[in-house]
Amino acid sequence: MTSRKQLKRQSRKNIRNCGIFIFLGYIYLALGVDYEDHIFYGTCIMLVGAGLLIYEFIRSKSPVLIFDKNEFYIDETRYSYKDITRVDSWHQIRAVYKRTVYVKIIVDDKVVYKFDSDYENYNEFVKQLTRHHIEHKLSDR
């Protein structure tokens, strides 16, 4: 039996980061109770963190791609690597030091899955695409 892996968002890490954001806003708010601008900025930081937390929770409910060396699944739909029509990708610099690769898996001219290089098991999935001779411009990190 082959071992299956999941290509999915790093939701735990992202939710932890949102929690840190909310906590820092709370600290800023608590330390500046005597100053109106500190209260305002602390509240804004907390609200932004809460908004990002809600966004991450909603995104964590999106489908997960499960793959092994022979095939992959999105929800209940099974695909062979031969089914892939093409893999579109583009790079974007999100921060001074970090380049993110965004990817679309296309089957029969329909986008079946979108992910980026921050997803868990990204490298392993790229290796499977290469192994099955799927043309792509991705590199495993």
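The values are calculated or read from the model by the stated rules, or taken from the named source; none is laboratory data. What you see is a predicted model; the values in this text were computed from it and never measured. In this analysis, Cβ positions are derived from the backbone assuming ideal geometry, glycine residues included, and neighbour counts consider all displayed protein chains. Accessible surface areas use protein heavy atoms only, side chains included; no ligands, DNA or RNA. Shrake-Rupley method; radii C 1.70, N 1.55, O 1.52, S 1.80 Å.
Considering region 1-13, the residues that are at pLDDT 85 or above and touching a helix residue (DSSP H, G or I) at 6+ places or on another chain (Cβ under 8 Å) include one that is farthest from Y73 (Cα to Cα), namely R9.
Test K137 against the stated conditions and say whether it is loosely packed, with under 15 Cβ neighbours inside 10 Å, in a loop (DSSP other than H, G, I, E, B) and charged (D, E, K, R).
The answer is yes for K137.
For region 1-29, filtered to residues that are open to solvent by less than 50 Å² (accessible area, probe 1.4 Å) and assigned to a helix (DSSP H, G or I), the residue that is farthest from V112 (Cα to Cα) is L29. Of the candidates K114, K69, the single residue that is in contact with a helix residue (DSSP H, G or I) (Cβ under 9 Å, 6 or more places away or on another chain), open to solvent by 40 Å² or more (accessible area, probe 1.4 Å) and closer than 18 Å to Q6 by Cα is K69. Residues of region 30-80 that are of a type outside the set (S, T, N, Q), outside any strand (DSSP E or B) and in contact with a strand residue (DSSP E or B) (Cβ under 8 Å, 6 or more places away or on another chain): P63, V64, D68.
I'd like to check something: does region 81-90 contain any residue that is at pLDDT below 90 and either out of contact with any helix residue (DSSP H, G or I) (no Cβ under 9 Å at 6 or more places or on another chain) or not in a helix (DSSP H, G or I) (or both)? Checked region 81-90: at least one residue is at pLDDT below 90 and either out of contact with any helix residue (DSSP H, G or I) (no Cβ under 9 Å at 6 or more places or on another chain) or not in a helix (DSSP H, G or I) (or both).
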